[in-house]
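Everything below concerns the one structure shown next.
The values are calculated or read from the model by the stated rules, or taken from the named source; none is laboratory data. If you're wondering where the values come from, they're calculated on a predicted model, not measured in any experiment. As a convention, Cβ positions derive from the backbone with ideal geometry for all residues, glycine included, and neighbour counts pool all protein chains shown.
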Amino acid sequence: MTKTTMKQVIAIFAVGGVCSAVAGEDAFIKLDSNADGFISAEESIVNESLYNGWSAADANNDGRIDAAEFSAFEVNSDKQGQKE
């Protein structure tokens, strides 16, 4: 593989990662319907996976999910889906 081809492949993967991060951020913003920076248990009802996995997603057990917890939950959910 030439250096140019390798750079193109790396660029494609990098853009894919950025797109995934943006998609996750968009999902968080949509779920945070009151825009307080957290997803409450009530707000999570519209996302079956998050609602059912609430205890796993709320890592610090404060009764709400911040962007970092949501991101970690999505990553872990994706990994679980790939195993099945």
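Within the range 5-45, restricting attention to residues that are among the β-branched types (Val, Ile, Thr) and modelled with pLDDT of 50 or more, the residue that is surrounded by the most Cβ atoms within 10 Å (Cβ to Cβ) is ILE39.
Could you please give the count of residues in the range 51-72 that are surrounded by 12 or more Cβ atoms within 10 Å (Cβ to Cβ), out of contact with any Leu (no Cβ under 7 Å at 6 or more places or on another chain) and assigned to a helix (DSSP H, G or I)?
Start the filter on the range 51-72 by keeping residues that are surrounded by 12 or more Cβ atoms within 10 Å (Cβ to Cβ), which leaves 51, 53-54, 56-59, 64-67, 69-72.
Restricting the remaining residues to those that are out of contact with any Leu (no Cβ under 7 Å at 6 or more places or on another chain) gives 51, 53-54, 56, 58-59, 64-67, 69-72.
Next, only the ones that are assigned to a helix (DSSP H, G or I) stay: 51, 54, 56, 67, 69-72.
Total satisfying the criteria: 8.
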